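Colleague: Got a structure here, written out as structure tokens. Questions coming.
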Amino acid sequence: MATTKQLIYSLLTVTAVSVMALSFNTARTTRHTDTDGTAKDSTGSKKAFLAAYSVLMHPRCMNCHPSGEAPLQGDDSHVHTMNVQRGHDGKGLYALKCSNCHQPKNTPGLHMPPGNPKWHLPPADMKMVFQGKSPRELAAQLLDPEQNGHKTKAQLIAHVTSDSLVLGGWNPGDGRTLPPLSHAEFARQFKMWIDKGAFLPDK
Amino acid sequence: MIKLTINHQEHSIDASPDMPLLWALRDIVGLTGTKFGCGMAQCGACTVHLNGEAVRSCVTLLSRAAGQEVVTIEGLSPNSDHPLQRAWIEEDVPQCGYCQSGQIMSAAVLLRENPQPTDTDIDNAMSGNICRCGTYPRIRKAIHRAAELQKEGGNK
Amino acid sequence: MTQDVLNTSRRGFLKTGAMLSGSLIISFVVPGAKRLAAMGMPAAEDAAAAVFAPNAYLSIGADGSIQIVLAHVEMGQGIWTTLSMLIAEELDADWQKVKVLHSPPGQPYVHTVYGLQITGGSSTTWSEFDRYRQAGATARTLLVQAAAQKFGVSPADCRTENGEVIAGNKRATYGELAGIAASLPPLTEPVSLRSPGEWKYIGKGVKRLDSPAKVNGTAQFGMDMRFPGLLTAVVAHPPVYGSKVKSFDATKARTVPGVRKVVQIPTGVAVIADNFWAAKKGRAALKVEWENGPNVNIDSVAQLAEFKKLVTTRGDKAAEKGDVTSALSKAAKVLEAEYTFPYLAHTPMEPQNVTVKIADNKCEIWTGTQMPGNDQTVAAKILGFKPEQVNVHTVFLGGGFGRRANFQSDFVSEAVHIAKASGEFIKMVWTREDDIHGGYYRPSFVHKIRAGIDAQGNPIAWEHVLAGQSIMAGTPFAAGMKNNIDEASVEGVSDSPYLSSIPDHYIGLHSPKLELPVLWYRSVGHTHTATAMEGMIDELAHAAGKDPVEYRRALLKDHPRHLAALNLAAEKAGWGKPLPPGRFRGVAVHESFKSYVADVAEVSVDEQGVIKVHRFVCAIDCGLAVNPDGVVAQMESGINFGISTAMYGAITLDKGKVQQSNFHDYRIARMHETPLEIEVHIVNSTEKMGGAGEPGVPPVAPAIANAVFAATGKRMRDLPFCNINLKA
């Protein structure tokens, strides 16, 4: 519930700031210190999210967060050519389960299946779609416990910081492009987004 | 030495752990029913069961199979009478036949997990197995037929 | 099922001659019983040795087993079963006792029309229809004579039934009669064949004989050869086809555990190891410097531009009637279109492989091949052997599609060189990358068509120029080339039935010479000519404001077999009847390999421009369908093969380097990308027999293209279709 409250709060803040901006034409920033002592900063928070968003929407991340039921492949994020389906647990279906081809480690060589011990998509009851989402939509989705697997903000930070599958994005196998930020920088920006108030970007 | 079970028999394989299971099966154990088609998990000709899952043995290293249960086309049924094998013959599925071991091993997982698959289920299970002869319509038909045979009690 | 092969060199007394005209002479010399052991026939797995071998195509064992020897090879097309049916029909055999072998190279197995031992051109069934039935009938006649002798009755009092000869209350199995039959003098009178009314198998069909072995892993392909002492060879090939080794360093490769030898061969450097994986690791550790050959200048983009320039000039004349230039100037409307086709790789599921043993002045070869005789000749030449010192054992082919019928026998030649250079007993195994980079592609082609229609929309002038490499040039088949025209380049255009109704036409051909080798690919020239012809006819129908089926019917009115296939497909597809929203139909009809095939494709195109093929309705007139379900299977196969080719097939080169390497970028249609509904109808026909292996392919691409036009108003003229943006 805390998250929902925060979301409403941040929306109100944005509205208030907008009004202020209209009135005074000054920087659209709100700053205050929360009860936990963290400095809130809507501009800094949103900016941090946009930085993290560039990573989240990179094929290394987005390909396993598709809008449909099939994972995506390649830097052009085409639908997985083998008609792989999410399945209820996100681990594929029947003879096309992720780990049938994706090994615990990357298979060496160009265009070989990348690997990870827990290679999977988000499960059917928590699809966590990135594909096609605007920064604002994606931020809202990440914060919504109904959509994020009831993760607290701290759990969200922990997830992007240390989850091995998230980290796999930076060890993508031979020939694959890396996300635009280093993992450390991504995790830092993500944390900053939350620490500075988890504000939703404007669009 | 890497120990594993292949077709319900214990095997000790003297090979490098980075050797793909496919080549251990074919070149060392001598089970040549599992085929080499692409070497990169694209075609499915090398599909075998690893603890019941339809893994692509060309990219599955021997180290992953160590201590595990492997079943190949040769071990799918005791007398080549798995409902899928019977249905494949009934529907005259094979043409060149090279991909069919992999097709059947994939279909076997489908039928185990979904005894009455729809056409969509079949697409969702079988699109990892390429058939250059294009026997897909008969594979589909044979899977439906095998589902019937299985229902009639033909499964072992 | 056994797949051992015979050694004809030891049984030269079985003489069969064939004439190029297609008529048939079989001289049966029946060996005396004493000589049978010396024959080693058949080299079957079981102890029941053949005791009766009336000709080169079958033998009968004491246990009644019927060993059928195939002059053609099984590569999926079902000939293992169909040729056996022909013998079983006339022999009145017990189908359960039939066993099949591939023949070795040998005169009796030379194609009855082509004059060399080859499986290709969709010709096996019609070219063997008489020879294989004769072989069965001869054996049956001798078995009846043997029974008459045994029973003490006249042959006329005997009849046969399911592997037995019966006279009154006496009966004997063929196995029991084989010994006596073998001692009889050869037949001097021609044998009579059964009338169609008596056929038990022909036209009805049986289940494939090779299925049981192909569903339990026991079917043996070349890749599966295993012998004590056999090593595996993997070859480092140049990145640009045809380049030579300048130098190589195998120091690191030799340290890979399992690697035994590294040898240079004309086509690269071979790493020989205990198993494939070690050999492949060895290859990866090899350092090779290459001396680029002429192919380094090939660039697909530049080549296409060059071919497009070529087709603006007339080229060599392939067909001409009237004055096309003048007729075009008088046309009510002239339509111009350019169709382009990339190189294609055959990519049979089984990558090329050959097992070679050279010992004791003999060479043994095991492989899946469409031309064992040619392979034998090529191997003998490399080794300085006589052909009879080379044995070719043909095993099942994991797909051929033309790639395993190669006058250069490139795969066999490479393996023989490895065995020769290393002195080892080796199995050469190509990776998929070797296969896709290995040359012998379907040639790239450009077609330029200018067609004029009159005020009623009827075509009155057709100018058509093609540019693409010749397949036949430089092969023994080049002898048949007239006026520089390779029929394999223009088949389907120069002999198009549409042209006979178009008074003024000109077909020209440019055959640019390039070092990149090209080869026949399932349906050969028709792979591109049908797409251009049936695409353009569809364009004309549209310009004329006429229904595509009606328009074709009118033009094909004097071509009853085209018409029969077209009408049957249109009727079964419900042509003209409403479709679910978003679905559209396209039609194409084309003759190839003496068969007439019409397809109606049903497609939809989504907002992203992605084409989905929902349904294919196919009709074929192949004359008598010996094994109807086999024909159906080949049409299904042709449709799905055609979809792969049309939607995804493209080999492109950049600075001579092939840019595709495996199935991720050389895509083959997968189950979910092929039609859920494929219906095949066989025209009830007593016309001349045609083929089935290839004719299903040509109409597929144009039927899809024409359906997509109906859906989007866009003409897809550049193959493959996946590169065409239908969204824009």
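Colleague: Determine which member of the set B:Tyr136, B:Tyr98 is in contact with a Cys (Cβ under 9 Å, 6 or more places away or on another chain) and surrounded by 24 or more Cβ atoms within 10 Å (Cβ to Cβ).
Modeller: Details: B:Tyr136 fails: in contact with a Cys (Cβ under 9 Å, 6 or more places away or on another chain).
Selected residue: B:Tyr98, the only one of B:Tyr136, B:Tyr98 that is in contact with a Cys (Cβ under 9 Å, 6 or more places away or on another chain) and surrounded by 24 or more Cβ atoms within 10 Å (Cβ to Cβ).
Colleague: Hey, among the residues in region C:654-676 that are of a type in the set (S, T, N, Q) and under 24 Å from the mean Cα position of the chain (by Cα), which one's farthest from the other protein chains (Cβ to nearest Cβ)? Break it down stepwise before answering.
Modeller: Kept after step one, since they are of a type in the set (S, T, N, Q), are these residues of region C:654-676: C:659-662, C:674.
Filter once more, so that each one left must be under 24 Å from the mean Cα position of the chain (by Cα): C:660-662, C:674.
Details: C:Gln660: 11, C:Ser661: 8, C:Asn662: 5, C:Thr674: 5 Å.
Within region C:654-676, the match that is farthest from the other protein chains (Cβ to nearest Cβ) is C:Gln660.
Colleague: Out of everything in region C:386-422 that is aromatic (Phe, Trp, Tyr) and farther than 24 Å from C:Ile272 by Cα, what residue ends up being surrounded by the fewest Cβ atoms within 10 Å (Cβ to Cβ)?
Modeller: First, pick out the residues of region C:386-422 that are aromatic (Phe, Trp, Tyr): C:396, C:401, C:407, C:411.
Now restrict to residues that are farther than 24 Å from C:Ile272 by Cα: C:396, C:401, C:407.
Details: C:Phe396: 27, C:Phe401: 29, C:Phe407: 19.
That would be C:Phe407.
Colleague: Okay, moving on. When residues of region C:607-653 are filtered for being in contact with a Phe, Trp or Tyr (Cβ under 7 Å, 6 or more places away or on another chain) and within 12 Å of chain B (Cβ to nearest Cβ), how many remain?
Modeller: Result for region C:607-653: 2.
Colleague: From the list C:Ala337, C:Ala279, exactly one residue is at pLDDT 95 or above, small (Gly, Ala, Ser) and not assigned by TED's automatic domain parsing to the domain that holds C:Val235. Which is it?
Modeller: Details: C:Ala279 fails: not assigned by TED's automatic domain parsing to the domain that holds C:Val235.
Of the residues listed, the single one that is at pLDDT 95 or above, small (Gly, Ala, Ser) and not assigned by TED's automatic domain parsing to the domain that holds C:Val235 is C:Ala337.
Colleague: Only residues that are free of Cβ contacts under 8 Å to residues at least 60 places away in the same chain, under 22 Å from the mean Cα position of the chain (by Cα) and over 23 Å from B:Ala107 (Cβ atoms): list them for region A:91-118, please.
Modeller: Passing the criteria: A:Gly115, A:Asn116, A:Pro117, A:Lys118.
Colleague: Go through region B:63-84 and count every residue that is surrounded by fewer than 24 Cβ atoms within 10 Å (Cβ to Cβ) and either β-branched (Val, Ile, Thr) or touching a residue at least 12 places away in the same chain (Cβ under 8 Å) (or both).
Modeller: Going through region B:63-84, the residues surrounded by fewer than 24 Cβ atoms within 10 Å (Cβ to Cβ) turn out to be B:63-64, B:66-69, B:71, B:74-75, B:77-81.
Filter again for either β-branched (Val, Ile, Thr) or touching a residue at least 12 places away in the same chain (Cβ under 8 Å) (or both), leaving B:63-64, B:66-69, B:71, B:74-75, B:77-78, B:81.
Adding up the residues that qualify gives 12.
Colleague: Determine whether A:Ser134 is without any contact (Cβ under 8 Å) to a residue 60 or more places away in the chain, surrounded by fewer than 21 Cβ atoms within 10 Å (Cβ to Cβ) and among the polar types (S, T, N, Q).
Modeller: Spelling it out, it is not the case that A:Ser134 is without any contact (Cβ under 8 Å) to a residue 60 or more places away in the chain, surrounded by fewer than 21 Cβ atoms within 10 Å (Cβ to Cβ) and among the polar types (S, T, N, Q).
Colleague: Here is a follow-up. Restricting attention to region C:693-711, does a residue exist that is assigned to a loop (DSSP other than H, G, I, E, B), modelled with pLDDT of 95 or more and surrounded by fewer than 24 Cβ atoms within 10 Å (Cβ to Cβ)? I'd like the intermediate steps shown before the answer.
Modeller: Within region C:693-711, the subset assigned to a loop (DSSP other than H, G, I, E, B) is C:693-699.
The next check asks that each one be modelled with pLDDT of 95 or more; those that pass are C:693-699.
Now drop any that are not surrounded by fewer than 24 Cβ atoms within 10 Å (Cβ to Cβ), which leaves none.
Taking every residue of region C:693-711 in turn, none turns out to be assigned to a loop (DSSP other than H, G, I, E, B), modelled with pLDDT of 95 or more and surrounded by fewer than 24 Cβ atoms within 10 Å (Cβ to Cβ).
Colleague: Which one of C:Thr313, C:Thr347 is touching a residue at least 24 places away in the same chain (Cβ under 8 Å) and within 14 Å of chain B (Cβ to nearest Cβ)?
Modeller: C:Thr347
Colleague: Could you list all residues from region B:1-21 that are loosely packed, with under 11 Cβ neighbours inside 10 Å and without any contact (Cβ under 8 Å) to a residue 60 or more places away in the chain?
Modeller: B:Met1, B:Gln9, B:Glu10, B:Ser12, B:Asp14, listed by residue number.
Colleague: If you check C:Glu687, C:Glu679, which single one turns out to be within 10 Å of chain B (Cβ to nearest Cβ), modelled with pLDDT of 95 or more and outside any helix (DSSP H, G or I)?
Modeller: Values: C:Glu687 fails: within 10 Å of chain B (Cβ to nearest Cβ).
Exactly one of C:Glu687, C:Glu679 is within 10 Å of chain B (Cβ to nearest Cβ), modelled with pLDDT of 95 or more and outside any helix (DSSP H, G or I), namely C:Glu679.
Colleague: Please pick out the residue among C:Ala588, C:Ala625 that is farther than 24 Å from B:Gln95 by Cα, in contact (Cβ under 8 Å) with a residue 24 or more places away in the chain and either assigned by TED's automatic domain parsing to the domain that holds C:Met689 or outside any strand (DSSP E or B) (or both). Spell out the reasoning first.
Modeller: On the way: C:Ala625 fails: farther than 24 Å from B:Gln95 by Cα.
Result: C:Ala588 is the single residue among C:Ala588, C:Ala625 that is farther than 24 Å from B:Gln95 by Cα, in contact (Cβ under 8 Å) with a residue 24 or more places away in the chain and either assigned by TED's automatic domain parsing to the domain that holds C:Met689 or outside any strand (DSSP E or B) (or both).
Colleague: Name the pairs: first residue in region C:208-219 and more than 7 Å from chain B (Cβ to nearest Cβ), second residue assigned to a loop (DSSP other than H, G, I, E, B) and of a type outside the set (Lys, Arg), Cβ to Cβ under 6 Å, at least 6 apart or on different chains?
Modeller: That search, which allows pairs on different chains as well, returns C:Ala213/C:Met1; C:Ala213/C:Ala219.
To keep it simple, each residue is scored yes or no on (1) assigned by TED's automatic domain parsing to the domain that holds C:Thr173; (2) out of contact with any Cys (no Cβ under 6 Å at 6 or more places or on another chain); (3) part of a loop (DSSP other than H, G, I, E, B).
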residue	(1), (2), (3)
C:Gln67	yes, yes, no
C:His72	yes, yes, yes
C:Gln77	yes, yes, yes
C:Trp80	yes, yes, no
C:Leu86	yes, yes, no
C:Leu101	yes, yes, no
C:Ser127	yes, yes, no
C:Asp130	yes, yes, no
C:Ala147	yes, no, no
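Colleague: State the number of residues belonging to region C:613-636 that are under 21 Å from C:Ala701 (Cβ atoms) and surrounded by fewer than 24 Cβ atoms within 10 Å (Cβ to Cβ).
Modeller: 2
Colleague: Could you please give the count of residues in region C:481-498 that are buried (at least 21 other Cβ atoms within 10 Å of the Cβ) and in contact (Cβ under 8 Å) with a residue 40 or more places away in the chain?
Modeller: Number satisfying all stated conditions: 8.
Colleague: Among (1) within 13 Å of chain B (Cβ to nearest Cβ); (2) loosely packed, with under 15 Cβ neighbours inside 10 Å; (3) within 26 Å of B:Thr120 (Cα to Cα), which single condition is A:Asp125 missing?
Modeller: (1)
Colleague: If you scan region C:374-385, which residues turn out to be buried (at least 22 other Cβ atoms within 10 Å of the Cβ) and either in a loop (DSSP other than H, G, I, E, B) or in contact (Cβ under 8 Å) with a residue 60 or more places away in the chain (or both)?
Modeller: C:Asn374, C:Asp375, C:Gln376
The values are calculated or read from the model by the stated rules, or taken from the named source; none is laboratory data. What you see is a predicted model, and the numbers here were worked out from it, not measured in a lab. Cβ coordinates were reconstructed from backbone atoms using ideal geometry, including for glycine residues, and neighbour counts include every protein chain displayed.
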